[in-house]
Amino acid sequence: MNTNIKEIKNYRSIKQMASGGPFSEAALRWLVFNAESNGLAAAIVRIGRKVLIDSEEFATWIDGHRSDLHASASKRGSND
């Protein structure tokens, strides 16, 4: 079996992602629409009109924002 192919279970539709997470369908659609500018493009797969989100890449993208938030908060705290 080819190890470069991700397991299909990592991919979720927008509706599936919204039902199991903190983002609404509308918020996810906005993130997908702006994926090129917000850095989420690596997690998006388009097949025709179908949009799938790689749940592992999405989690990595979220974690990247958490570290940015903590870094900027600690910079602000050191200036006081």
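The values are calculated or read from the model by the stated rules, or taken from the named source; none is laboratory data. Remember, it's a predicted structure, so these values are computed and weren't measured experimentally. Neighbour counts are summed over all protein chains in view; Cβ atoms, including those assigned to glycine, are modelled from backbone coordinates with ideal geometry.
Structural remarks
- Within region 15-32, residues that are small (G, A, S) sit with their Cβ atoms under 9 Å from residues that are loosely packed, with under 14 Cβ neighbours inside 10 Å and part of a loop (DSSP other than H, G, I, E, B), at 6+ positions apart or across chains, in these pairs: A18/S24.
- Out of E25, E36, sole residue that is among the charged types (D, E, K, R), over 17 Å from S55 (Cβ atoms) and at pLDDT 95 or above: E36
- In the condition set (1) surrounded by fewer than 16 Cβ atoms within 10 Å (Cβ to Cβ); (2) at pLDDT 95 or above, V51 is compliant with all but (1).
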